[in-house]
Amino acid sequence: QVQVVESGGGLVQPGGSLRLSCTVSISTFRSYPMTWYRRALGQSRDLVARIAMSGDTAYADSVKGRFTISRDNAKKIVYLQMNSLKPEDTAVYYCAAQISTGTYWGQGTQVTVSS
């Protein structure tokens with residue numbers, strides 16, 4: 001069974017930084033793209049950033065230049081470094097592993113940006 005576990009969320013002031021981590025329990029981690037999504041209260045779940053198996057990345061316009069997605073294939077972890085955080089970044093952040101048998105989601109980690 002595939003397990004996806006996010007961590008690293010919390011409360012941060014505007015302008016601050018957080019790094020989210022997502023651990024995925026599959027031996028073929030390096031073969032698949034990984035994606036971070038977020039859902040703000042009362043809104044739909046939106047794509048934040050994606051990293052391909054090649055390392056190519058893509059970002060939502062709202063986070064370009066502030067967020068960086070990366071992966072450590074040896075540790076089977078995908079990271080989301082979030083800098084210059086804004087109140088509108090407040091959301092539950094989810095990691096998704098899109099593998100051959102389907103898409104697997106973590107439970108989410110809350111990020112709150114507030115003074």
Completion exercise
Counting only residues in segment 62-81 that are surrounded by fewer than 13 Cβ atoms within 10 Å (Cβ to Cβ) and of a type in the set (Lys, Arg), the one nearest to Asp46 (Cα to Cα) is identified as Lys64
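For every residue, the table says whether it meets (1) open to solvent by 40 Å² or more (accessible area, probe 1.4 Å); (2) at pLDDT 95 or above.
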residue: Pro14; (1), (2): yes, yes
residue: Leu20; (1), (2): no, yes
residue: Thr35; (1), (2): no, yes
residue: Arg38; (1), (2): no, yes
residue: Met53; (1), (2): yes, no
residue: Thr57; (1), (2): yes, yes
residue: Ala60; (1), (2): no, yes
residue: Glu88; (1), (2): yes, yes
residue: Ile99; (1), (2): no, no
Practice task
Examine segment 85-96 for a residue that is within 16 Å of Leu47 (Cα to Cα), part of a strand (DSSP E or B), in contact with a strand residue (DSSP E or B) (Cβ under 8 Å, 6 or more places away or on another chain) and small (Gly, Ala, Ser), and state whether such a residue exists.
Solution key: yes
Fill in the blank from the handout: Counting only residues in segment 101-115 that are open to solvent by less than 30 Å² (accessible area, probe 1.4 Å) and in contact with a Leu (Cβ under 8 Å, 6 or more places away or on another chain), the one farthest from Asp46 (Cα to Cα) is identified as Val113
Problem - Flag for Ser84 being under 20 Å from Gln110 (Cα atoms), open to solvent by 60 Å² or more (accessible area, probe 1.4 Å) and in contact (Cβ under 8 Å) with a residue 60 or more places away in the chain - result: yes
Problem - Residue that is farthest from Val92 (Cα to Cα) [pool: residues in segment 1-12 that are at pLDDT 95 or above and assigned to a loop (DSSP other than H, G, I, E, B)] - result: Gly8
Problem - Qualifying positions in segment 6-28 - within 18 Å of Thr57 (Cα to Cα) and touching a residue at least 60 places away in the same chain (Cβ under 8 Å) - result: Arg19, Leu20, Cys22
Problem - Subset of segment 2-42 [out of contact with any Gly (no Cβ under 9 Å at 6 or more places or on another chain) and either of a type in the set (A, V, I, L, M, F, W, C) or at positive phi (or both)] - result: Gly8, Gly10, Leu11, Val12, Gly15, Ile26, Phe29, Met34, Trp36, Ala40, Leu41, Gly42
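The values are calculated or read from the model by the stated rules, or taken from the named source; none is laboratory data. The structure displayed is predicted, hence computed values, not measured ones. Here Cβ is always computed from backbone atoms with ideal geometry, including for glycine, and neighbour counts include all displayed protein chains. The protein model used for the area step is the full one, side chains on, heavy atoms only, and it has no ligands, DNA or RNA in it. Shrake-Rupley method; radii C 1.70, N 1.55, O 1.52, S 1.80 Å.
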